[in-house]
1. Gain in length, Thr153 to Ser67, computed as 0.36 nm per residue apart minus the alpha-carbon separation, to one decimal in nm?
2. Solvent-accessible area per residue for the chain at a 1.4 Å probe radius, Å²?
3. Provide the descending list of Cα extents for the chain along its principal axes, expressed in whole angstroms.
4. Determine the distance separating the Cα centre of segment 98-126 from the Cα centre of segment 186-213; give it in Å without decimals.
5. Report the relative contact order of segment 4-252, percent, no decimals, based on alpha-carbon pairs under 8 angstrom and at least 6 residues apart.
6. Once R0 is set to 45 Å, what does the formula 1/(1 + (r/R0)^6) return for the Cβ-Cβ distance between Glu85 and Ala123, expressed as a FRET efficiency to the nearest 0.05?
7. Is segment 135-255 best put as rounded, prolate or oblate by its Cα gyration tensor, with a ≥ b ≥ c the root eigenvalues, rounded for a/c under 1.5, and otherwise prolate when a/b is larger than b/c, oblate when not?
8. For the chain, give the percent of accessible area contributed by carbon and sulfur heavy atoms, probe 1.4 Å, rounded to a whole number.
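The values are calculated or read from the model by the stated rules, or taken from the named source; none is laboratory data. From a predicted model like this one, the values you see are computed outputs, not experimental measurements. Don't worry about glycine lacking a Cβ; one is built from the backbone with ideal geometry, like all the others, and counts go over all protein chains shown. SASA here: full protein model, heavy atoms, side chains in, ligands and nucleic acids out. Shrake-Rupley method; radii C 1.70, N 1.55, O 1.52, S 1.80 Å.
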Amino acid sequence: MVSGAAAETVGAVGGGSVHRTLVAEVTRVRAARPDRPPRVLDVGGGSGAWAVPLARSGCAVTVVDNSPNALAALHRRAREAGVHELVTPVQGDVDALADVVPPGGADLVLGHGLLEVVDDAAAAVSALTTATAAGGAVSVLVVGRYAAVLARTLSGRLAEARAVLTDPDGRFGADDALRRRLDAATLRGLLEDGAALRVEVLQGDGVLEGWVPSAVRDGGPAAARAVAELEDLAAAAAPLVEMSARLHALARRPG
Ligand SMILES: C[S@@+](CC[C@H](N)C(=O)[O-])C[C@H]1O[C@@H](n2cnc3c(N)ncnc32)[C@H](O)[C@@H]1O
């Protein structure tokens, strides 16, 4: 069974190219500032799918989210993982981020699963950038447009596929829970033209794994390894990046 459509959410840290990129960035910060933990700000961090593993790796993570329920789940998760002292939950909106975190206060700012749900993606990127230290990085992970077209085509929802392909925001209609789906050029434009960041990584996340038949995917450790290896190779292949369930960018604020 093809399950690409199910991948249209931003998921937890596993292995994968996004995880590796974040680990490399944290390693870079640690080398530059060995005197303190890397400062991570996770905006729209939800229940901590990224924040908790980053805290486990020794980062001091502030999570800003507008949902009290998500922050309560984050609190539980951080406590269970034994890292609650490294995780600071803050209720707040990206639209008013400067009210709750200092400008330039984070070495690494995450906006994962955020740009597709906020009213104004450009304003959100601008807020993430303002919160980033000079020389620091912004990491964004966002639902991709073309995988959504393909998933809907393969499941016979042709009207929706057509709408996602042709709508300026990549939406299938008024009932669409997402405000937008992005392609690689639009994401790059938001970061570089809109916020004067320098994109260092633009890669796919969930490039092929969502299309692997479940009979293969559930076929044991060797099959899981084969899927992961294929996924890693595909993450950087430009035509496949455009077809990814999610697009990931790491963009640097000039120092
Ligand atoms: C799809 S979830 C992503 C969660 C997490 N970042 C991840 O990748 O697993 C989106 C999160 O953004 C939060 N959110 C939505 N709009 C927001 C806003 N305007 N300001 C702050 N957080 C927001 C939601 O409450 C939710 O927790």
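1. Working: separation 86, 0.36 × 86 = 30.96 nm, distance 3.35 nm.
Full-extension gain reported as 27.6 nm.
2. Values: 11570 Å² over 255 residues.
Roughly 45 Å² per residue, with all protein chains present.
3. 53, 41, 34
4. Using only Cα atoms, the two centres lie 16 Å from each other.
5. Details: 495 pairs, mean separation 51.1, N = 249.
Relative CO of segment 4-252 lands at 21 percent.
6. Numbers: r = 33 Å, r/R0 = 0.72.
For R0 = 45 Å, the calculated efficiency reads 0.90.
7. Details: a/c = 2.74, a/b = 1.16, b/c = 2.36.
Cα axes put segment 135-255 in the oblate bin.
8. Numbers: 6500 of 11570 Å².
Carbon and sulfur atoms account for 56 percent of the accessible area of the chain.
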